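Where a number appears in this text, it was derived from the coordinates with a stated rule and is not lab data. None of these values were measured; they are calculated from a predicted model. Don't worry about glycine lacking a Cβ; one is built from the backbone with ideal geometry, like all the others, and counts go over all protein chains shown.
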Amino acid sequence: MDLKKMYNEHSLRENPPGNFRPDEVLIDTVGGKLVHGDSALDFSNKAVNSLYLAQEGFYVAAVAPDPELVADTASKADETGANIKVYSSDLTALPFPEGEFNIVYDDRWFDHVGYVEREKYAEEMWRVLKPGGYLILVTVQCRNARTCCDRGDPYVMFRSIFDIEEIRDVTSLYMDSRQRMFSMLMKKKTPAF
């Protein structure tokens, strides 16, 4: 695959599912112009999501706690010349100033945040978003597990600092199996506290 050619000659959202295509939730919200802006923070495990955001005109800060994912995204950003800067960081203590981003996209990293740290995570997402900015959260759908969440858990956690505009079920192909998840589109409340 000639990634540079693919990136420069057509939108990654035109790729067939499973073939270096961004997440459907991201395509629907950003490509569908439900959210817009010039800066995005991407917590995803796929460089393609960061590349897609860059194609849509965003400056992208890609964050992952895993050094291999950081290296993969950095390599693909260098190869394509995309406007992406890659960071390795704790998701509850981000290295960005307040109000830096129009969009934060989290594809399942929330599920790896410890149960007691989730409130700090929510506050940190609020902190780095610009007024009126959006958090797009994709999370595994499971019930009665402290390391996982169900529809009610993040709803209760985020509703005091975000207006929850949409919750929907999504299915994703993960490690060759279909996984049920849900996404939440949330707009930053100002002031929240």
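Per the Kirkwood definition applied to all pairs of different Cα atoms, how many angstroms is the hydrodynamic radius of segment 41-140?
Computed over segment 41-140, the radius equals 13.5 Å.
With the charge dipole of the chain set up from +1 on Lys and Arg Cβ and -1 on Asp and Glu Cβ about the Cα centre, the Cα lying farthest toward the positive end among the listed residues Leu3, Tyr155, Thr171 is that of Tyr155. With 10 Å bins beginning at zero, the pair-distance distribution over Cα atoms of segment 5-95 amounts to 18, 52, 28, 2 %.
The DSSP beta bridges internal to the chain are antiparallel in roughly 50% of cases. Beyond 18 Å, the tail of the calculated P(r) for segment 1-56 holds 26 percent of the Cα pairs. Across segment 3-188, Cα-Cα pairs farther apart than 25 Å form 29% of the total. Tell me which residues come under 5 Å, amide H to amide H, from Asp42 once H is placed; ignore anything under 5 positions away on its chain. Correct list: Ala61, Ala62, Val63, Tyr105. Listed by chain and number, the lysines placed with their C-alpha closer than 27 angstrom to that of Lys76 are Lys4, Lys5, Lys33, Lys46, Lys85; residues fewer than eight positions away on the same chain are left out. Projecting the Cα atoms of Ala93, Val70, Leu129 onto the dipole axis of segment 3-188, where Lys and Arg carry +1 and Asp and Glu carry -1 at the beta carbon, places Leu129 farthest toward the positive end. Only lysines eight or more places from Lys120 in sequence, or on another chain, were considered; those with a Cα closer than 17 Å are Lys188, Lys189. Note on Glu117 and Ser88: with the Förster distance fixed at 25 Å, the Cβ-Cβ geometry gives a FRET efficiency of about 0.90.
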